[in-house]
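Values quoted throughout were computed directly from the atomic coordinates according to the rules given, and no laboratory measurement underlies them. Note that this is a predicted model, so its numbers are computed, not measured. Backbone-built Cβ (ideal geometry, glycine too); neighbour counts: all protein chains shown.
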Amino acid sequence: MPLIKVQTSIEAPDKSQVESLLKDLSSSLSQHLGKPESYIMTAFEAEVPMTFAGTTDPVCYIEIKSVGTMGAKTEAMSQAFCSQIEDSLGVPKNRTYIEFADAAGAMWGWNGTTFG
């Protein structure tokens, strides 16, 4: 049910680096949310035309969605994921936005049913 999707303007890293990043993000999101990693989905899109602060310097947008309330966990997740993206992709923390979205169980489908 949790999803972390990364979109960035930078060139795509090699496949093994992307896979490693996605696995690290999956594990980290599982720990932050206290949810089984078996439910976590990750996605990565590179070379997305983007601007931030009026420039085309490297930028990143992250979506984190989950059934339930992330509430007080978002600040720690912002720190962790911004650092992780900066370390792995070189996109500065101050050029990364994260959107946190809580979803009602009935609004999240899986395996022919919903979580609500």
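Some notes on this structure:
- Among the candidates Ser9, Ser66, the residue that is of a type in the set (S, T, N, Q), closer than 28 Å to Phe115 by Cβ and touching a residue at least 12 places away in the same chain (Cβ under 8 Å) is uniquely Ser66.
- Scanning segment 86-108 for residues that are hydrophobic (A, V, I, L, M, F, W, C) and in contact with a helix residue (DSSP H, G or I) (Cβ under 8 Å, 6 or more places away or on another chain) yields Leu89, Val91, Ile98, Phe100.
- Residue in segment 13-21 that is within 17 Å of Lys73 (Cα to Cα) and of a type in the set (D, E, K, R) present: no
- Of the residues making up segment 75-100, those that are surrounded by 15 or more Cβ atoms within 10 Å (Cβ to Cβ) and closer than 30 Å to Thr113 by Cβ number 4.
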